[in-house]
Amino acid sequence: MKQYLEKAHVLIEALPYIRKFSSKIILIKYGGSAMENEELKHCVMQDIALLKLVGLKPIIVHGGGKDISKLCEKLSLKSEFKNGLRVSDKATTEVAEMVLNRINKTLVQNLQSLGVKAIGICGKDGLLLKCSQRDANLGFVGKIEQVNVEILEELLEKDFLPIIAPIGMDESLNTYNINADDVACELAKALKTEKLVFLSDIEGLYEDYKDKNTLISKLSIKRAKILLDNIEGGMLVKLKSCIDACEHGVKKVHILDGRVKHSLLLEFFTDEGIGTLITKEEYQ
């Protein structure tokens, strides 16, 4: 009997959160180990399906960096990074587009198997993501200039769950590889989402990355900017995206450990939550 009561308690605890977030747009940036480990991937897909089926409106932006690097290696293409961003010549961009579109359709298939109407697109579709060149030294790495939110609003209205690959193009129809964190941030800003969630390969943000006991549960924008001086690589790009989103209309940004099974459900539907929460609010 005790185990049944515990299950009931979990459902009761989730009820106010389900009510609070019902019909709200939630943007999830999906990458890292949660994408590469099949067991974790299944847990994430279950979490997102549950969010959708209880009335939330999730949107997924996915990465695929490690798969891109693997295929580049097989094709004898050098993988080079500057400040956490992949240098992308035309050949590398073609590989990125191919890999990301394959991942995209796999995620569609996974969610369809769980009873969710999923649809996979990239930033080229309907010129969802209009780009320019971010930096000549990075090649075909895109900077998002404009987001066509009507496409996503229409899909959500028709009860679809959009899954977005971070590929865009410019007015001259040149293709660009875009950092997935940037895509998630720009879409969240354009849609004024309730939450922006980054699934990562760390527990959250730390005061000192050498000391795992310094995990920060709640973080203001002001404190987050101070932390920028102590971070580098991909996490620096991610934190900048989090700050940018909070400063432009996104209510809450979360960095979660995607290696924890059902981390999305723990964050959305429990009193304690996990990971790091970033908001405009000041915390002691």
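The values are calculated or read from the model by the stated rules, or taken from the named source; none is laboratory data. Every value quoted in this text rests on a predicted model; they were computed, and no experiment measured them. Glycine gets a Cβ as well: all are built from the backbone with ideal geometry, and neighbour counts include every protein chain shown. What goes into the accessible areas is simple: the full protein's heavy atoms, side chains included, and nothing from ligands, DNA or RNA. Shrake-Rupley method; radii C 1.70, N 1.55, O 1.52, S 1.80 Å.
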* Identify which of His254, His262, His62 has the largest mean-square fluctuation in a Gaussian network model of the chain, with springs joining Cα atoms closer than 10 Å. => His262
* Would you mind checking the pairs Lys124/Lys222; Lys117/Lys252; Lys24/Lys82; Lys29/Lys261 and listing those with alpha carbons more than 24 angstrom apart? => Lys124/Lys222; Lys117/Lys252; Lys24/Lys82
* **In nm, spacing of pseudo-spin labels at Ser220 and Leu77 (7 Å Cα→C-beta vector)** => 4.5 nm
* To do: Using Cα centres only, tell me the gap between the stretch 34-107 and the stretch 242-271 in whole Å.
  => 19 Å
* Asked: So what is the relative contact order of the stretch 153-284, in percent, for Cα pairs below 8 Å that sit 6 or more residues apart?
  -> 29 percent
* Roughly how many Å² of Tyr176 are accessible to a 1.4 Å probe, to the nearest 10? -> 20 Å²
* Asked: With a Cα-only, solvent-free Debye model of the stretch 11-63, what are the log10 I(q)/I(0) values at q = 0.16 Å⁻¹?
  -> -0.52
* Using the Cβ atoms and a cut-off under 15 Å, what net charge is assigned to the surroundings of Lys90, where Lys and Arg are +1 and Asp and Glu are -1? -> -3
* Structure fact -> Heavy-atom accessible area of the chain with neighbours in place, 1.4 angstrom probe: carbon+sulfur share in percent works out to 51 percent
* **Over 25 Å (Cα to Cα) - which of Lys192/Lys280; Lys20/Lys225; Lys143/Lys218; Lys218/Lys238; Lys20/Lys251 fall in this group** => Lys20/Lys225; Lys143/Lys218
* Compute the long axis of helix 233-247 from its Cα atoms, compare it with the longest principal axis of the Cα atoms of the chain, and write down the angle in degrees, 0 to 90, nearest 10. => 70 degrees
* Structure fact -> To the nearest Å², the heavy-atom accessible area per residue of the stretch 156-277 with 1.4 Å probe amounts to 42 Å²
* Indicate the gyration tensor shape class of the stretch 190-284 (rounded, prolate or oblate), computed on the Cα atoms with a ≥ b ≥ c the square roots of the eigenvalues: a/c under 1.5 is rounded; otherwise a/b larger than b/c is prolate and the rest oblate. => rounded
* To do: Under a 10 Å cutoff between Cα atoms, tell me which one of Ser220, Ser22, Ser172 has the largest fluctuation in the Gaussian network model of the chain.
  => Ser172
* Once you've got the GNM for the chain with C-alpha springs shorter than 10 Å, pick whichever of Val237, Val54, Val260 has the biggest mean-square fluctuation. => Val54
* **10 Å-binned pair-distance histogram of the chain (Cα, whole percent)** => 6, 29, 37, 22, 5, 1, 0
* **Solvent-accessible heavy-atom area per residue, rounded to whole Å², over the stretch 1-127 at 1.4 Å** => 54 Å²
* Asked: If you average the sequence gap of Cα pairs under 8 Å that are 6 or more apart and divide by the length of the chain, what percent do you get for the contact order?
  -> 22 percent
